[in-house]
Amino acid sequence: MVVQVTPAGPPPSDHPVPEQLAELVAAARDGSREAFDELVRVTSRDTYTLAFRLVGNEEDARDVVQETYLRAYKGIGRFRGDAQFTTWLYRITANCANTHLSKRRKHRHDELDESTAVVDGDATHDPQAVVLASSLRERLTAALDDLPPKLRAVVVLRDVYDLPHEAIAAELGISETAAKVRLHRARRKLREAVFPGRTDDERAEAV
């Protein structure tokens, strides 16, 4: 199976509503290849975006996406619907990214500088605020890229994709306590990068 990956960006205009997605999932579970291909088409952009955030470069992200859909295709018949299909797919993506990063570390030593900046926020109609928000978003992206992969994975899955600690721990092969500790460390590093030179209380108020 070869998945056509669309680079990260706005979701397609024909993004399915949950009811349509559920119908596609049901058909795919019953063995419809056409339904699964349509699931790939409507979810591949989001899957690629998550993979890219977890592994940090386009080539590796595309490899992760391919592996994700291969696993999803093999496992769709066992999908029980206890969680949303997209959440299930996020978990597979996280697992594939974790496996990919582990293999990559065997070939070269990870040299990631733990620095840079962060904070997200809605832009307002104030031009200065818009510029500030844009700058902070850029710093957030840079900060996430600079985090060690094991910290970046936890903070992205929790704060961006809202997966519970239990699911994150299961997919990354760590304990729930370890997932919480990594999340705390990642958030602290991001705050320090965004607001260098401030106290913890000042950083908390700024966020």
At 10 °C and 1.306 mPa s, the Stokes-Einstein diffusion coefficient in µm²/s for region 13-111, with hydrodynamic radius from the Kirkwood sum on alpha carbon pairs, is 113 µm²/s
Applied in sequence order to region 144-161, the curve 6.51 cos²θ - 1.76 cosθ + 1.60 (Karplus, θ = phi - 60°) yields integer Hz couplings, x standing for Gly and Pro, of 4, 4, 7, 5, x, x, 5, 7, 4, 4, 5, 5, 5, 5, 7, 8, 9, 9
Checked against a 20 Å limit on the C-alpha separation, the offending pairs among Lys150/Lys189; Lys74/Lys150; Lys103/Lys150 are Lys74/Lys150
Residue separation between Thr99 and Thr177 times 0.36 nm, minus their alpha-carbon distance, gives in nm 26.0 nm
Here the net charge surrounding Ser32, from other residues whose Cβ is less than 14 Å away from its Cβ (Lys, Arg +1; Asp, Glu -1), is -2
Taking 0.36 nm per residue of separation between Asp30 and Val42 and subtracting their Cα-Cα distance, the length gained on full extension comes to 2.4 nm
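Taken together, the values in this text are just the output of simple stated rules run on the coordinates, not laboratory data. Model, not experiment: these values are computed from the prediction. Ideal geometry is used to build each Cβ from the backbone, glycine not excepted, and the neighbour counts take in all protein chains shown.
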